[in-house]
Amino acid sequence: MKGIRLSEAQARFVQGGVSIVISSRDRRRVPSLSRALACRVADNLRSMQVLLARSQSIQLLQDIETCGRVAVVFCQPFTHETYQIKSDDAQVLPAWDHAEADRMTHARAFADHVIPMGFSRDYGLVVHAARIEDCVAVGFTPQVLYAQTPGPDAGERIAPP
């Protein structure tokens, strides 16, 4: 399947401290998932990586290595604005250069998003806590983008810009 190019606004959103959950499946189609710690979109907006704690993502990483399929959900907790990106070319990679800085930036931004909801800053930071030595990336080409914000357009495919 051919990849799509994200818009600048979509790239800012997925890298902007939102909640990120990545899922895959095994050969029997049993799902696996994990919370991602950060996202990095390539300068050309045609590929991306999410950062995971390996110790919290063992089954997911095995499934990605087996089938290469992922669905990644990006949700802004306060507004529930949500997008889902699917791909069938995912691969497990070493964490990118500066991944630790990106993880901390993402954790602080996530904390800023959940404080108005009554959560503490510490909660927002703990959700994204990990030792960089334990982190790996999952790289993939966005192939399909869906609007998943609750409402009449939820589940609609978004055309590439």
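The values are calculated or read from the model by the stated rules, or taken from the named source; none is laboratory data. What you see is a predicted model; the values in this text were computed from it and never measured. Neighbour counts run over all protein chains shown; Cβ positions are idealised from the backbone, glycine included. Areas reflect the complete protein model, heavy atoms only, side chains present, ligands, DNA and RNA absent. Shrake-Rupley method; radii C 1.70, N 1.55, O 1.52, S 1.80 Å.
Suppose the filter is out of contact with any Phe, Trp or Tyr (no Cβ under 6 Å at 6 or more places or on another chain), closer than 27 Å to VAL92 by Cα, aliphatic (A, V, I, L, M) and in a loop (DSSP other than H, G, I, E, B); does ALA109 pass it? The answer is no for ALA109. Within the range 118-137, can one find any residue that is surrounded by 14 or more Cβ atoms within 10 Å (Cβ to Cβ) and of a type in the set (S, T, N, Q)? No: the range 118-137 contains no residue that is surrounded by 14 or more Cβ atoms within 10 Å (Cβ to Cβ) and of a type in the set (S, T, N, Q).
Residues of the range 75-106 that are assigned to a helix (DSSP H, G or I) and either buried (at least 17 other Cβ atoms within 10 Å of the Cβ) or not aliphatic (A, V, I, L, M) (or both): ALA99, GLU100, ASP102, ARG103, THR105, HIS106. The C-beta contact set for the range 6-35 (first residue at pLDDT 95 or above and hydroxyl-bearing (Ser, Thr, Tyr), second residue surrounded by 21 or more Cβ atoms within 10 Å (Cβ to Cβ) and in a loop (DSSP other than H, G, I, E, B), distance under 7 angstrom, 6+ apart or interchain) comprises SER34/SER57. Consider the range 63-74. How many of its residues are within 17 Å of PRO94 (Cβ to Cβ) and open to solvent by 80 Å² or more (accessible area, probe 1.4 Å)? Of the residues in the range 63-74, 1 are within 17 Å of PRO94 (Cβ to Cβ) and open to solvent by 80 Å² or more (accessible area, probe 1.4 Å).
Tally time: how many residues in the range 138-161 are open to solvent by 90 Å² or more (accessible area, probe 1.4 Å) and closer than 20 Å to ARG5 by Cβ?
Count: 3.
For the range 113-121, the criterion of being among the aromatic types (Phe, Trp, Tyr), at pLDDT 95 or above and more than 13 Å from SER19 (Cα to Cα) is met by none of the residues.
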